[in-house]
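**Q** Supplied in structure tokens, the structure appears directly below.
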Amino acid sequence: MNAIHFIQEYIRHPRTVGAVMPSSKQLAKEMVKPIPFEKVTCIVEYGPGTGVFTEEIIQHKRPDTIFLAIEANEAFYQMLKEKYANVENVYIIHGSAENIKQYLKQYDIVKVDYIVSGLPFTSLPLPVSKVILQETATLLGEEGKFITFQYSKVKRSFFSSFFDNIDFERVYWNVPPAYVFICSVKRPD
């Protein structure tokens with residue numbers, strides 16, 4: 001999908017697409033940097049969009065690591081489904097991150113190690129954001145991590161109502177520059 005199609009999807013669905021341009025390769029690298037790919041058994045991605053983070057995850061994951069990507073936008077979903085149809089243990093789901101438990105049950109997944117998110121929490125309705133983050137914190141427990149990005153730090157306090165520990169990195173090589181948030185439930189000792 002080229003930049004023009006991406007912009008068209010943003011114009012059609014600004015609350016759920018959340019960006020005018022796809023994320024940069026540098027942002028994708030920062031998003032997956034905290035993941036110890038040799039150890040994880042399941043990774044979930046919320047809102048993969050055009051698949052910039054998806055591609056990084058697939059390039060680094062072990063063949064036996066299960067990867068679920070949940071995309072609500074029909075055009076993005078179709079593109080990802082076609083692109084990754086033959087990749088082992090990769091499941092592209094057309095739906096909402098709010099229903100994460102349903103999708104895990106559908107694929108008999110009992111434990112999620114990392115959840116990577118491209119969701120625009122600043123433009124999503126607050127009740128939807130709350131459900132997604134509560135489900136995420138519960139699923140990950142004390143061992144997993146939630147990695148997301150935002151274009152400002154305005155949602156940091158909102159994230160802290162679901163996660164005890166939040167680290168962040170600034171990524172300048174993105175339009176616009178972004179913050180990567182690494183969130184976990186367990187408080188540091």
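The values are calculated or read from the model by the stated rules, or taken from the named source; none is laboratory data. Everything numeric in this text was worked out from a predicted model, so none of it was measured. Because the Cβ atoms are built from the backbone with ideal geometry, glycine has one as well, and the counts that use them run over all protein chains shown. Surface accessibility is based on the protein's heavy atoms, side chains included, excluding ligands, DNA and RNA. Shrake-Rupley method; radii C 1.70, N 1.55, O 1.52, S 1.80 Å.
**Q** Could you rank 136, 41 by how accessible they are, 1.4 Å probe, largest area first?
**A** Numbers: 136 0, 41 70 Å².
Correct descending sequence by accessible area is 41, 136.
**Q** Send over a whole-number figure in Å² for the accessible area per residue of the chain, probe 1.4 Å.
**A** Numbers: 9560 Å² over 189 residues.
That works out to 51 Å² per residue.
**Q** Search the structure for amide H atoms under 5 Å from the amide H of residue 95, placed 1.01 Å from N in the peptide plane, and list their residues when 5 or more places away or on another chain.
**A** Long-range HN contacts for residue 95: 71, 72.
**Q** Nearest 500 deg cm²/dmol is fine: what mean residue ellipticity at 222 nm does the chain get from its DSSP H runs of n ≥ 4 alone, each adding -39,500 (n - 2.57), divided by its residue count? Intermediate results must be reported in sequence, preceding the final value.
**A** Values: 8 runs with 67 residues, N = 189.
Counting only the DSSP helices, I get -9500 deg cm²/dmol.
**Q** Calculate what fraction, in whole %, of the accessible area of the chain sits on carbon and sulfur atoms when a 1.4 Å probe is rolled over the protein chains.
**A** Heavy-atom surface of the chain belonging to carbon and sulfur, 1.4 Å probe: 53 percent.
**Q** May I pose another question? Which of the chymotrypsin sites (Phe, Trp or Tyr not before Pro) found in the range 43-112 are in a DSSP loop and have at most 15 neighbouring Cβ atoms, other than their own, within 10 Å? Before the final figure, lay out each step's value.
**A** Working: sites: 46, 53, 67, 76, 77, 84, 91, 103, 107; in loops: 84, 107.
Sparse-neighbourhood loop chymotrypsin sites (Phe, Trp or Tyr not before Pro): 107.
**Q** Let me ask something else. Rounded, prolate or oblate: which fits the range 19-79, taking a ≥ b ≥ c as square roots of the Cα gyration tensor eigenvalues, rounded meaning a/c under 1.5, else prolate when a/b beats b/c?
**A** Details: a/c = 2.52, a/b = 1.41, b/c = 1.79.
Note, shape of the range 19-79 comes out oblate.
**Q** Rounded, prolate or oblate: which fits the range 37-189, taking a ≥ b ≥ c as square roots of the Cα gyration tensor eigenvalues, rounded meaning a/c under 1.5, else prolate when a/b beats b/c? Walk me through the numbers on the way to the answer.
**A** Details: a/c = 1.43, a/b = 1.24, b/c = 1.15.
Here the range 37-189 falls in the rounded category.
**Q** With a Cα-only, solvent-free Debye model of the range 37-118, what are the log10 I(q)/I(0) values at q = 0.12, 0.25, 0.27 Å⁻¹?
**A** Those come out to -0.28, -1.35, -1.56, one per q.
**Q** Please figure out what share of the DSSP beta bridges in the chain is antiparallel and state it in percent, rounded to the nearest 5.
**A** Working: 12 of 30 bridges.
Among the beta bridges of the chain, antiparallel pairing accounts for roughly 40 percent.
**Q** Treating the beta-carbon of each Lys and Arg as +1 and of each Asp and Glu as -1, no other charges, what is the dipole magnitude of the range 28-157 about its Cα centre, to the nearest 20 debye?
**A** Numbers: 15 positive and 16 negative charges, 82 e Å.
For the range 28-157, the charge dipole is close to 400 debye.
**Q** Can you pick out the pairs among 111/186; 33/105; 25/155; 39/155 whose Cα atoms lie more than 18 Å from each other?
**A** On the way: 111/186 16 Å; 33/105 28 Å; 25/155 23 Å; 39/155 30 Å.
Beyond 18 Å: 33/105; 25/155; 39/155.
**Q** Another question, if that's okay. Name the residue from 66, 120, 86 whose Cα lies farthest towards the positive end of the charge dipole of the chain, charges +1 on Cβ of Lys and Arg and -1 on Cβ of Asp and Glu.
**A** Of 66, 120, 86, it is 120.
**Q** Then there is this: Specify the residue with the greatest mean-square fluctuation among 142, 71, 82, computed from a Gaussian network of the chain linking alpha-carbon atoms under 10 Å apart.
**A** Result: 82 has the largest fluctuation of those listed.
**Q** Short version: what are the Cα gyration tensor semi-axes of the range 112-166, square root of 5 times each eigenvalue, largest first, in whole Å? The partial results should precede the final answer.
**A** Details: eigenvalues 60, 28, 23 Å².
Those come to 17, 12, 11 Å.
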